[in-house]
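**Q** Have a look at this one before I ask anything.
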Amino acid sequence: MTIHPTAIVSEHAQVHSSVEIGPFTIVHDNAVIAEGTTIGSNCEIGVPASLGDGSPLRIGANSVIRSHSVFYESSSFGERLVTGHRVTVRELTHAGDGFQIGTLSDIQGHCKIGEYVRFHSNVHVGQHTTIEDYVWVFPYVVFTNDPHPPSEVMQGVRVKSFAAIATMSTILPGVTIGEGALVGACSSVVKDVGDHRIAVGNPARDKGETSAIKLKDGSDRPAYPWKHHFHRGYPENIVAQWLSSVQQYED
Amino acid sequence: MTIHPTAIVSEHAQVHSSVEIGPFTIVHDNAVIAEGTTIGSNCEIGVPASLGDGSPLRIGANSVIRSHSVFYESSSFGERLVTGHRVTVRELTHAGDGFQIGTLSDIQGHCKIGEYVRFHSNVHVGQHTTIEDYVWVFPYVVFTNDPHPPSEVMQGVRVKSFAAIATMSTILPGVTIGEGALVGACSSVVKDVGDHRIAVGNPARDKGETSAIKLKDGSDRPAYPWKHHFHRGYPENIVAQWLSSVQQYED
Amino acid sequence: MTIHPTAIVSEHAQVHSSVEIGPFTIVHDNAVIAEGTTIGSNCEIGVPASLGDGSPLRIGANSVIRSHSVFYESSSFGERLVTGHRVTVRELTHAGDGFQIGTLSDIQGHCKIGEYVRFHSNVHVGQHTTIEDYVWVFPYVVFTNDPHPPSEVMQGVRVKSFAAIATMSTILPGVTIGEGALVGACSSVVKDVGDHRIAVGNPARDKGETSAIKLKDGSDRPAYPWKHHFHRGYPENIVAQWLSSVQQYED
């Protein structure tokens, strides 16, 4: 355990001996941090949550939490969590392995997040959002939950596997984004988007199949499903699976 | 006064003996912090403002300022201010009791804010904005002020009591949002919105009376005025007032 | 050098003796900070960048970096850089003199930024963006780069001199904003905007010449080019140049 002498780490926290913790970072009592994880400076980890369920904040092995981030207790993350700076995650959110959260993103809590989900900067996730595996969310996307704010009614958004939601789009309460679907930039999505469909605009309208979009790299290949050409940072065994599905597709 | 030993609190600041201040927080000279208030870690409180009027930052009693927040001198807040994390408030903003400011919100200064106003995350408030009592502002809403940027002309936005402005909406300079009005998500509001009217779209258009929206909770009740059904966190005497107005309404 | 005793400044960093550094700030090894510069509290300066080129972070003379900001190594800034709070700048971004970056802005790296460029709060700049001299960018503007996200194709945005991009607008990949052009608030700019043209809407459409917009200050003057009437904070010699071009224009 390499803890900077200025860091304040509760003796009640369960921090693996290999964990590194930067200057001016606070680790509260109810946190469990697994081996190989690095936490940057000026973070606040395991913030007590009056609305939590008493369970600890769990950070999986080999994670990287960058400076100025704030994580509450009663949330959990698989292995290889990677965050940008100034990330906020409230209580009762549970994410699988390989979750990436960009700088300034704000997860309000009570969310379910699958495997290898990637958020770019400034993603705002309202309570009761469900995000499946391999989803991409780009900057300034907002997931809402209240159909007539303010109220006590909560209708979380659901995003299915491999969907991509482009920058500055808002998903309205209760909407489901289909598997492999693409939401274009600056969209306001007021109704469900089907699997592998494109939705764009304010309000968003259906613009056909994602497979119609060609890669602007000089090739003739379709840009979607993106798993056929974009593999940076995913584990080899997952990419191998994706590529075998391409071969099936091409056969 | 429970001040963490790493906090740096000016001896010129007037901090009540019951105030709690977290690690790595700085309180500058010109701050007055009332009884029962808690300030989290890594905050900067009472930042000197070259454009201030010399008056101190005043934080009312029983407030909670969460970690990484920055408040300038020459602004004042009533009792029970509650903030999320990483809030920024510049000089010459004055707010009443019960103000809530969500994580990452940014108040540029020279603003007037009424009683029990609630900002969700990432609300951006340009200079010279006026917000009346019991207003709700949701994530990624921007209040602008310059009709032809950049210029020296400032036309602040005015939001009247009980209005609700949904996520990702922008209010253009000089616009007034009427009492109890609803601005739908992702709207660009270019002209005044009447009392109890709905405005939605880019550019926003009138969509009728707010009373036409029904609560999606299985009841047959109207969702607006929201004060008839949403009371979480408001003082009992205020809610009693609101409910007596419902009875009048129903009589 | 006035370094607060709680600041952690690497002995390998090259910090001029006149530099002031606030409490709880970290300066890493690979940083060069010129004379007269002030760095606020809780900053992280010269963060090691695995994708950098080994060059240091260079901060020019007489700069002001406000609290909670994060700058990576391998980026450089001219004289009189001024930032708000919680600014993030990644590696391989190079800016000229007089750059202003508002609170919460996030520059992703690999960007070129000219002289006297001004970003208001919450500007998000994707990799490979090019911004020329005297450009204004208002809150919640996003510069994108991937035409079919996620992919390995990067088409950065280019913004030419004196352009102004109003709040909550998104510039789509590969788009060029012309010299002195105005992008109205809440726009989604999907194709190039000509010099001195107005583009507004989602998707943005051409709305004529910027010179058609009149100043709302009681005068009869055009609001654009803004350099004819807005001079706050620019060096005298630059303003003199601008005004001589007005005279030519009026002759």
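Quick note: the coordinates plus some simple rules give every number you see, no bench work behind them. A quick note: this is a predicted structure, and the numbers were derived from the prediction, not measured. Methodologically, a virtual Cβ is constructed for each residue, glycine included, from the backbone with ideal geometry; neighbour enumeration extends over all protein chains shown.
**Q** Express in whole angstrom the spacing between the alpha-carbon centres of segment B:198-221 and segment B:13-48.
**A** When both Cα centres are located, 42 Å separates them.
**Q** Okay, next question. Using the number of other C-beta atoms within 10 angstrom as an exposure proxy, rank C:101, B:3 with the fewest first. Please report the intermediate quantities before stating the final value.
**A** Numbers: C:101 29, B:3 17.
Ordered from fewest to most neighbouring Cβ atoms within 10 Å, C:101, B:3 come out as B:3, C:101.
**Q** Can you list residues whose amide H is under 5 Å from residue C:15's amide H, if they're 5+ apart or on another chain and H is modeled 1.01 Å from N?
**A** Residues meeting the criterion, in which the H sits 1.01 Å from N, are C:33.
**Q** Could you please report the charge total around residue B:69, scoring K, R as +1 and D, E as -1 over all other residues with beta-carbon less than 9 angstrom from its beta-carbon?
**A** Details: positive: B:66, B:86; negative: B:44.
Cβ neighbours under 9 Å give a net charge of +1.
**Q** Sticking with this one: Which value, in debye to the nearest 20, gives the size of the charge dipole of segment C:1-80 about its Cα centre, when Lys and Arg are +1 and Asp and Glu are -1 at the Cβ?
**A** 200 debye
**Q** Note down the magnitude of the dipole of the protein assembly as shown about its Cα centre, charges +1 on Lys and Arg C-beta and -1 on Asp and Glu C-beta and zero elsewhere, to the nearest 20 debye.
**A** Values: 54 positive and 78 negative charges, 303 e Å.
Value, rounded to 20: 1460 debye.
**Q** If I take every Cα pair under 8 Å that is 6 or more residues apart in segment B:168-251, average their sequence separation and divide by the length, what percent do I get for the relative contact order? It would help to have the intermediate numbers written out before the result.
**A** Details: 141 pairs, mean separation 14.7, N = 84.
Relative contact order of segment B:168-251: 17 percent.
**Q** Calculate the FRET efficiency for residue B:217 and residue B:20 from the Cβ-Cβ distance with a Förster distance of 45 Å, rounded to the nearest 0.05. Could you put the intermediate results ahead of the total?
**A** On the way: r = 38 Å, r/R0 = 0.85.
That pair, residue B:217 with residue B:20, gives E of 0.70.
**Q** So, one more: Which distances in nm, rounded to one decimal and ordered from shortest, link the label point of residue B:245 to the equivalent label points in the other identical copies, with labels set 7 Å from Cα toward Cβ?
**A** Output for residue B:245: 5.3, 5.3 nm, nearest copy listed first.
**Q** Ordered shortest first, which distances in nm separate the 7 Å Cα→C-beta label point of residue B:29 from those of the other copies?
**A** Distances to the matching label points in the other copies: 4.0, 4.0 nm.
**Q** Treating only the Cβ atoms of Lys and Arg (+1) and Asp and Glu (-1) as charged, compute the dipole magnitude of segment A:136-251 about its Cα centre; round to the nearest 20 debye. Mind showing how you got there, number by number?
**A** On the way: 11 positive and 12 negative charges, 53 e Å.
It works out to roughly 260 debye.
**Q** Here's something else I'd like to know. Whole number please: convex hull volume per residue, Cα atoms of segment B:141-242, in Å³. Let's see the in-between values first.
**A** Working: hull volume 11.7 nm³, N = 102.
In segment B:141-242, the Cα hull volume divided by residue count equals 115 Å³.
**Q** Points 7 angstrom from Cα along the Cβ direction at residue B:236 and residue A:53: gap in nanometres?
**A** 3.3 nm
**Q** Using modelled amide H (1.01 Å from N, peptide plane; none on Pro or chain starts), what sits under 5 Å from the amide H of residue C:3, excluding residues fewer than 5 places away?
**A** C:21
**Q** Another question, if that's okay. I'd like the Karplus ³J(HN,Hα) series for segment A:101-113: coefficients 6.51, -1.76, 1.60, θ = phi - 60°, whole numbers in Hz, and an x wherever there's a Gly or Pro.
**A** Working through the residues one at a time gives 10, x, 2, 6, 6, 9, 9, 6, x, 6, 10, 10, 10 Hz.
**Q** Note down the relative contact order for chain C as a percent, whole number, built from C-alpha pairs under 8 angstrom at least six residues apart.
**A** Numbers: 801 pairs, mean separation 19.3, N = 251.
Once divided by the residue count of chain C, the mean separation gives 8 percent.
**Q** Can I ask one more? Treat segment C:1-110 as a sphere of radius equal to its Kirkwood radius over Cα pairs and apply Stokes-Einstein at 10 °C in a medium of 1.306 mPa s; give the translational diffusion coefficient in µm²/s, rounded to a whole number. Let's see the in-between values first.
**A** Working: Rh = 13.1 Å.
Roughly 121 µm²/s, to the nearest whole number.
**Q** May I pose another question? Under a 5 Å amide H to amide H cut-off, with H placed in plane at 1.01 Å, what residues pair with residue A:101 once short-range neighbours are removed?
**A** A:82, A:83, A:84, A:119
**Q** Oh, and also: Please list, in order along segment C:117-134, the HN-Hα scalar couplings obtained from phi with the Karplus expression 6.51 cos²θ - 1.76 cosθ + 1.60 (θ = phi - 60°), rounded to whole Hz, x for Gly and Pro.
**A** The phi angles translate into 7, 10, 9, 7, 5, 6, 8, 10, 10, x, 4, 6, 7, 10, 10, 7, 6, 6 Hz.
**Q** Find the Rg to Rh ratio for segment C:69-125, where Rh is the Kirkwood radius over alpha-carbon pairs and Rg uses the same atoms.
**A** On the way: Rg = 9.7 Å, Rh = 10.7 Å.
Rounded to two decimals, Rg/Rh equals 0.90.
**Q** From Cα coordinates alone, what are the radius of gyration and Dmax values for the protein assembly as shown in angstrom?
**A** Rg and Dmax of the protein assembly as shown, Cα atoms, are 24.9, 77 Å.
**Q** Looking only at other chains, what is the average number of their beta-carbon atoms within 10 angstrom of each beta-carbon in B:151-158?
**A** On the way: counts 10, 6, 7, 0, 1, 0, 0, 0.
Mean partner-chain Cβ count within 10 Å for B:151-158: 3.
**Q** Residue by residue, what Karplus-based ³J(HN,Hα) values in Hz, rounded to whole numbers, does segment B:206-213 have, using 6.51, -1.76 and 1.60 with θ = phi - 60° and x for Gly and Pro?
**A** In residue order, the calculated couplings are 5, 10, x, 7, 4, 5, 6, 7 Hz.
**Q** Compare the Cα positions of B:242, A:4, B:121 along the charge dipole of the protein assembly as shown (+1 at Cβ of Lys, Arg; -1 at Cβ of Asp, Glu; about the Cα centre) and return the one farthest towards the positive end.
**A** Looking along the dipole axis, the top candidate is B:242.
**Q** Of the DSSP beta bridges with both residues in chain B, give the percent that are antiparallel, rounding to the nearest 5. All intermediate terms of the calculation are to be shown ahead of the outcome.
**A** Numbers: 5 of 61 bridges.
Restricted to chain B, the bridges split so that about 10 percent are antiparallel.
**Q** How about residue C:112: which lysines have a C-alpha closer than 16 Å to its C-alpha, ignoring those fewer than 8 places off in the same chain?
**A** Here the lysines satisfying the reach criterion relative to residue C:112 are C:160.
**Q** Which is farthest toward the positive dipole end of segment C:92-186 among C:171, C:184, C:159, measuring Cα position about the Cα centre, with Cβ charges +1 (Lys, Arg) and -1 (Asp, Glu)?
**A** Final value for the positive-end residue is C:184.
**Q** Using only atoms on other chains, find how many Cβ atoms lie within 10 Å of each Cβ of peptide C:180-192 and report the average.
**A** On the way: counts 0, 0, 2, 0, 5, 12, 16, 3, 10, 2, 3, 0, 0.
Rounded to a whole number, the mean comes out at 4.
**Q** Nearest 500 deg cm²/dmol is fine: what mean residue ellipticity at 222 nm does chain C get from its DSSP H runs of n ≥ 4 alone, each adding -39,500 (n - 2.57), divided by its residue count?
**A** Working: 1 runs with 15 residues, N = 251.
Using -39500 (n - 2.57) per qualifying helix, the result is -2000 deg cm²/dmol.
**Q** Given Cα positions, please report Rg to Rh for chain A, the hydrodynamic radius being the Kirkwood one.
**A** Taking Rg over the Kirkwood Rh, I get 1.01.
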